[in-house]
Amino acid sequence: MTLSLLILIPLLGGLLAWYSQGFNPNLPRRISLFTLLGSLAYIGILTLTSPLARSSQWLFDESHVWIDRFNITAHFSMDGLSLILILLTLLMGLAALSSAWSEIDKHQGFFYFNFLWTLAGIIGVFLAMDLLLFFVFWEVMLVPMYFLIAIWGHENRRYAALKFFLFTQAGGLLMLLSTIALVVFHYQETGQLSFNYHVLILAPIASPTAIWICLGFIIAFLVKLPAFPFHPWLPDAHTQAPTPASIILAAILLKTGGYGIIRFVLPLFPDAVQFWSPLMMSLAVLSIIYGALMAFSQHDLKRIVAYSSVSHMGFVLLGCFSLNMIALQGAVMQMLAHGLSSAALFMLVGLIQQRLHSRDLHQFSGLWRYFPQLSAMGLFFAIASLGMPGLGNFIGEFLVLVGALEQHASFAVLASLGLILGAVYSLRMIQKSFFGPFQTRGSDLDDPASTVDTEIALTSTSDQVSAKVAPLSKPPTLSSPYPDLSLKEKLTLMSIAAGLILLGIHPQPLLDMLEQPLAQVLALYAITGSAL
Amino acid sequence: MSNHYLPAGILLSTILILLLSIALKRSHIHAFLITGVGLIGACLVQVSLIEAPATSELLFIFTPVNALVSAGLLVILVFLWSQLYHWLDKSDNTNEEYYLLLLTASLGAVSMIASQHFASFFLALELMSLSFVGLIAYSNNNPNSQEAGIKYLVLSAGASALILMGIALIYLQTGSLTFDAVSTNKLQHLASSPLNLTTSGMIFILTGLCFKLSLVPCHLWVADIFEGAPLPTTALLAIVSKLSAFIVLWRMFSYGEWQTDSTILDVIALVAVASMLIGNLLALQQDRLLRILAFSSISHFGYLLIMLLLLEGNASLLNDISFNLEAMVFYLLAYMITLTGTFSVLMQLENTTSIKQLSGLFWRQPLQATCLSVLMLSLAGIPLTIGFMGKFYLVAAAISGQLWWPMSFLVIASVIGLYFYLRIIMIMLAKTESASVPCKLDIREKVTSWVIIITVIGVGTFPSVFADMLEAVTH
Amino acid sequence: MIEITWVLVLSGVLFAIGLFGLLSRRNLLFMLISLEIMLNGVALIFVAASNLHGNVDGQLMYLFILTLAACEVAVGLALVIHIYRQQQDLDVDKLTKLKG
Amino acid sequence: MVSASFIFYVLAIIIVTMTMIILSHALNPRGHKRSNAYPYESGIVPVGDTNIRWNVNYFLIAISFVIFDIEAVFLYLWSLVVVETSWPGLLTASLFILALFIALIYEIKQGAFNWGIRKEGES
Amino acid sequence: MMALYEVLLVPTSVLLLLLLCAAWSTWLERRLLAVWQDRLGPNRVGPMGLLQVVADMIKIFTKEDWVPPFADKALFIIAPMILMIMTLLGFAIIPFSPNIQIANFDNALLFILALSSLSVYSIMLAGFSSNSKYALLGAMRTAAQMLSYEVFMGLALMGVVIITGSFSLNDIVAAQENYWFILSQPLGFVLFLIAGVAESHRAPFDLPEAETEIVAGFHTEYSSMKFGMFFIGEYLGVIFVSALITTLYFGGWQGPVLPPIIWFLLKTGFFVVFFILLRAAIPRPRYDQLMRLGWAVLLPLTLLNLLLTALWQLTLGF
């Protein structure tokens, strides 16, 4: 029950949150907070009290019989990679909770139910060592996520939610087919029917179909990642999702794709991966450049961040298929760093939207004047995301590039182009939004027309007119038009920033922790690099 | 006479008693109770027969699989029956005969599931079809119902004629009416009939059964019938009639030499793929719930049809040919359970025909909306629902049989299907302008909804019990 | 003895006539009649085949077909009368309330 | 096998009937102008046409006939082989008859053969 | 010569005899009715009015052969022919004596049932083709009545079949060597008798042509020989049912001393007279009473008779 408890806590917390709504509308978010803190505490106690078995890759292992008929087990294992990603999940969950705290005001119980179940699904994905179990969690995390987007999202939420779900489901179906095909071929070759990762990894299948099975897995993960041709769901989903959901999407959900490739694709299909590697690397480079270009041409802040995610996750893909230790470490590092920085950026965009009711770069500029703290944070994270040395993102991208250079120099060179483009769009975003004279156009709150209306209403004696116009807007208080960051928001952003800095200046413990799991992954490949 | 005949016997005597009681004194509650006693009795007996040893007679064959499927069917019928009283009590028709027709239809279905002879198959089929005509046209004052009834009559009679033609040709060729006549008499070609009549006979039968299962080239009018019939009838039609027809199709397939006839296999593969795609594509454009269900059922049977291609496949999971059967039965039952749930919810949401009327249901009646969402997810095959396990079995069997190209269409069709299942959920999530207060559900509706949710999620999450039973039954 | 092929041809023709009638006629009564013709075409094969093989299964099937035909006519007639009373028309093309 | 005498008998019957028709046609008086081109309705001018709405009972009788005549066909067969099928056959036939008998009771109680004046609301 | 006798002579003589009998049974009916009603009846033409039939014949042949312009002509003419043909065909399977029988069918009883079903067509066609309300109403009534009574007429016959195990009339007659089936089938006999009366729509079941209600029923518009054919057909029907009753329940041609054909004619004649007596003795019921009687009383009784016979046959029959 050690590991499954980790999944059960948020599941039960979610149910409790839903149920508690009937008593007090504010109860659900408190319960969620306690649930997340409880999970964190639990995982902390777990890792601190148990002796970290350095000799084995696996820190914890737990297995229950599930579906006897197919020898499917509920098998959970945790190694360094999972541990790090679960920690990321919980921490970013907290960040998302912080942004949800004030933003979500309708149907709170159901919101936190979905929120916690998504997190539980993601934790399950990071822990599941049985392929079917993995698939189940993979799909299960989507349904609550779908609800999050479809109910609490912005103006075009239905379309976005549907697109998100259809894309990931199509990928999921392919994965299901591939999983079963893998198991069937494995069975035919070894006579052992098992969906268990630990069993399958021992004897990678030799059939020529492996290439296609592998492709099925890769596509499923690429959709989630998302890489270039499979990305169209992402900008919509990110844009339309409520901020907490955007944070979860960008910070954690995308990482499951990278995790899947590292955990399953690489060790299970050594030959096929070699075969696909060039194609995948070129896709990665395409994603990097395409994402950056698209980010440059957007004027919706959330879309910019979303496309920058495409670009950044391209590095993860590049790292994964470079097939050496440095690149893999880089990829994981990039995943973490991107998780932190994009979460923070989405949160910031959410804050801006909360205040200005717009995310459109054309609608406002010069925010620095009224929101110095917010803008400073924005500046910091934008720079982090463009890969400023000393921060986590730099380490990740650098390691990936080094690793890729070892494998395919040309790809690395092209990918580094992405770095430059990244700088361009990040700086454009900063420049357009934070600097320059303060103005807002067309946003609800500061619409000149509405101000005029209000004036008319104030001067008019007609009750009708005032009754009609009065609810339109509150008269802006000129002294402090919009509040700057609150303490809670400040705290959250600061801790994320601290995390990024920590990753940037002292990544070594993390890299050490990753070494053993990644070495296991690469054990089947001839080329293995050494840790930095 | 083995005690395998007992469930059908119970049904038959219930029919007679009910008929007599209606003749002597009309009373809705009596009719309801008599039907219930009969159905539950038959159901219990059938469940206890699952473990009984298999026997085969000339007309009927009783295997554990049959027993399981019949038991599943009867359980579903009992479940539907439990909601019938409330539904019928509101209409101003006389209600007693509805139970009568329900019972005759179920008697037909139960005997059809066990038949292994063309004569018994044909009689059972007609018993069922003709009862359905009555059930569909039951609403006295509703012209839609009459129209659906006449359409069903023409369709089913046409289908019967086609099936009969097929049977006649096979009989002419082989001189026997048993399902396995084709395989045993294959070599003994008649001098007087130079044609090879068996293949054409099979195609006739297949076409007829396609009408009964409303598979693609024969899906004419099916949505009209679904929509026009009274709702409980639609449920029965979608569940009882299709389930039994499919079981019979499977048995004909596994007994005759059909599996080795490449023409037939090609036709089936084509029908399967076309049904999957066209069913889902047609459902995309629909705005009315029952039409969506009608078309989605076409595609689900398209998926199931793939299983027929596997019956004689040599590559199979666990090197075990009966795994395919297991997968088929699982999918069939899973789909039927989901469908039953869906219709139950629809029966609770009376007068809801268009999906627009579902708008905002999540905020009005959260329990029902949750229930319907779970069911839609199950139909779409999302994990942790029973529908997913069904799909898992299906895909596992199909991949073991290396049916790659139908599989690829399955993926495409599933994604299309996902779209309209999600659309229903999406509409329920829409916020309604009118601040409607949640309606109070009575205890019956609550219990029904919970039973559905727990079954669909429960079996979907922990399918082991079910799977083990299925494994035991199919071996 | 009449050769079986001729029987086959005759019943095939009957079946085809019935099928054609079913598809082309728009009047419900005629559609029902066409169905009967189809059934009788089939029944002919059963009787002939029964004679050919020297077993009674075919004749049994003939009886069943007869039963079916009777039941179909009974049910169909009932429905047709009902519809006629409601609409004063038996044209199946006018049954178009259910279109989607 | 159909005997020759039967064929001759059939021919003879047909010839006789034809003869009767033709003979009466040949012998009938012609040339009379008749003004009566109307159907007989007790000597008054006919009203309406013959497209009368039939009592629904006629249809019920027709349907009942179809059902019970088919029942009869099965019983014809059974009565041929009562001795061969012995007790099981009798049992089956009794069940069959019982079922149809109950159906008959039902039909009678439904008023299928009530031709008298109906109560309001009965169809 | 034997062959020629069988092929030509028997059918011809049977046919002629039948037509004569049918014709003279009209005379017989009128005379007998008169006797029972204390009057004379036709007694002017020929001795005891025997030649009345001939006079009627001449009259009917020379009447105007009126085909109404509003009728459907072909069907109008064919309808009476069908009735004649069907009724006459029935006699083909009656064993008049051991060696006087036109055709010996194995399925003679089915043949009879088929013929009686077909004669419904004649009446329906007559009614519909006349295009007259009385005719139509009469035809509907007749058809409904004949159909209703046909169901249990066939079933009533099956009692005899259960005992003999054959549909062949010859077998049935042969099986009555020791005792007549009237002894073992009294209920069956009564039922068949009633059904027979209704099938030949004689009084008291002559509602279809009840003069007082619907003029003449389905043959309102008929005249001349076509009317005559319906008329003769009716009497032929009476004779046929009598012959059938004789064959099935009264041992057919079997009887001591006298030659078989005489026995047969005697028995048949008795039933013809009985039919005429029925007309004189029993009033006509209402139509709905007739239908109810058929379905609600006689049909269940027939089924009961069938089961009892089977039971009897299985316990005592062998």
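The values are calculated or read from the model by the stated rules, or taken from the named source; none is laboratory data. Owing to the predicted nature of the structure, the values given are computational and were not obtained by experimental measurement. We place every Cβ from the backbone using ideal geometry, glycine too, and count neighbours over all the protein chains shown. What goes into the accessible areas is simple: the full protein's heavy atoms, side chains included, and nothing from ligands, DNA or RNA. Shrake-Rupley method; radii C 1.70, N 1.55, O 1.52, S 1.80 Å.
The share of accessible area on segment B:261-475 that comes from carbon and sulfur is 66 percent, using a 1.4 angstrom probe. Relative contact order, whole percent, for chain E stands at 23, derived from Cα pairs under 8 Å and 6 or more residues apart.
Accessible area per residue was computed with a 1.4 Å probe on protein heavy atoms; residue B:30 scores about 90 Å². Close Lys pairs in segment B:261-475, defined as Cα atoms under 26 Å apart and 8 or more places apart or on different chains, number 5. Measuring heavy-atom accessible area with a 1.4 angstrom probe and counting protein chains only, the residues of segment A:165-197 that give up at least 50 Å² relative to the chain alone are A:166, A:173, A:177, A:180, A:184, A:187. Amide H to amide H distances under 5 Å link residue A:365 with A:439, where only residues 5 or more positions off or on other chains count and H is placed in the peptide plane. Once you reduce segment E:57-107 and segment C:54-87 to the center of their Cα atoms, the two points are 31 Å from each other.
In this calculation the C-beta distance from residue C:30 to residue B:270 is compared with R0 = 30 Å, giving a FRET efficiency of 0.35. Working from label points 7 Å from Cα in the Cα-to-Cβ sense, the residue B:28 to residue B:354 distance is 2.9 nm.
A Gaussian network model of chain C, with springs between Cα atoms under 10 Å, assigns the largest mean-square fluctuation among C:33, C:83, C:45 to C:83. Each Lys and Arg contributes +1 and each Asp and Glu -1, all at the Cβ; summed about the Cα centre of segment A:218-359, the dipole is approximately 300 debye. Can you give the log10 of the normalised intensity I(q)/I(0) at q = 0.13 Å⁻¹, computed with Debye over equal Cα scatterers of segment C:26-90? Taking Cα atoms of segment C:26-90 as identical point scatterers yields -0.45.
Computed over chain A, the P(r) tail beyond 45 angstrom holds 14 percent of alpha carbon pairs. Can you pull the percent of segment E:67-316's accessible area that's carbon plus sulfur, 1.4 Å probe, other chains left in place? Roughly 70 percent, rounded to a whole number. Accessible area per residue for segment C:26-90, computed on protein heavy atoms with a 1.4 Å probe, is 39 Å².
Can you list the residues of segment C:37-53 that have at least 20 square angstrom less accessible area with all protein chains present than in their chain by itself, probe 1.4 Å? Buried by the other chains: C:38, C:39, C:42, C:45, C:46, C:49, C:52, C:53. Pop out the carbon and sulfur fraction of the accessible area of chain A as a percent, whole number, probe 1.4 Å. Taking all protein chains in place, chain A shows 68 percent carbon and sulfur surface. Computed with a 1.4 angstrom probe on protein heavy atoms, the D-B interface buries about 700 square angstrom of accessible area in total. The count of lysine pairs in chain A that are at least 8 places apart or cross chains, and whose C-alpha atoms lie under 28 Å apart, stands at 23. Residues of segment E:263-301 whose accessible area (probe 1.4 Å, heavy atoms of protein chains only) drops by at least 20 Å² once all protein chains are present, relative to their chain alone: E:287, E:288, E:291, E:292, E:295, E:296, E:299, E:300.
Taken across both chains, chains D and E shield about 6200 Å² of accessible surface from a 1.4 Å probe. Taking label points 7 Å from Cα along the Cα-to-Cβ direction, residue E:190 and residue B:196 give a separation of 6.5 nm.
Extension gain, residue B:89 to residue B:322: 0.36 nm times the residue separation minus the Cα-Cα distance gives 79.4 nm.
The calculated FRET efficiency for residue E:286 paired with residue B:451, based on their beta-carbon distance and R0 = 56 Å, is about 0.45. Net charge dipole, the protein assembly as shown: roughly 2720 debye, given to the nearest 20, about the Cα centre with Cβ charges of +1 for Lys and Arg and -1 for Asp and Glu.
Zone of residue B:444 (label point 7 Å along Cα→Cβ, backbone N under 17 Å): which residues in segment B:222-244? Inside the label zone: B:231-233. Solvent-accessible surface of chain B, averaged per residue with a 1.4 angstrom probe and all protein chains in place: 30 square angstrom.
Taking amide H as placed 1.01 Å from N in the peptide plane, the amide H of residue A:300 sits under 5 Å from that of A:361, each at least 5 places away or on another chain. Toward the positive end of the charge dipole of the protein assembly as shown, with +1 on the Cβ of Lys and Arg and -1 on the Cβ of Asp and Glu, the farthest Cα among B:461, A:31, C:41 is that of A:31.
Rolled with a 1.4 Å probe across the full set of protein chains, the surface gives residue E:287 an accessible area near 20 Å².
The convex hull built on the alpha-carbon positions of the protein assembly as shown has an orientation-averaged projected area of 72.0 nm². Seen through its C-alpha gyration tensor, with square-root eigenvalues sorted a ≥ b ≥ c, segment E:67-316 comes out prolate because a/c lies at 1.5 or above while a/b is bigger than b/c. Projected onto its three principal axes, the C-alpha set of segment B:261-475 covers 60, 37, 21 Å, listed from the longest axis down. With all protein chains kept in place, the per residue accessible area of chain E amounts to 38 square angstrom at a probe of 1.4 angstrom. Using a 1.4 Å probe over protein heavy atoms, the accessible area lost on pairing C with B, summed over both chains, comes to approximately 3700 Å².
Projecting the Cα positions of E:223, B:93, B:416 onto the charge dipole of the protein assembly as shown (unit charges on Cβ atoms of Lys, Arg, Asp and Glu, taken about the Cα centre) puts B:93 furthest along the positive direction. I'd like the FRET efficiency for residue B:56 and residue B:6, computed as 1/(1 + (r/R0)^6) with the beta carbon distance as r and R0 of 22 Å, rounded to 0.05. Efficiency at R0 = 22 Å is approximately 0.85. Computed about the Cα centre, the dipole magnitude for chain C is approximately 460 debye when only Lys and Arg (+1) and Asp and Glu (-1) carry charge, each at its Cβ. Distance between the modelled labels on residue A:106 and residue A:502, one decimal in nanometres: 3.8 nm (7 Å Cα→Cβ projection). Here the protein assembly as shown carries DSSP beta bridges of which approximately 100% are antiparallel, counting only pairs with both residues inside. Think of segment B:261-475 as having a plus end and a minus end, set by charges on the Cβ of Lys, Arg, Asp and Glu; of B:470, B:299, B:342, B:342 sits farthest toward the positive end of this dipole.
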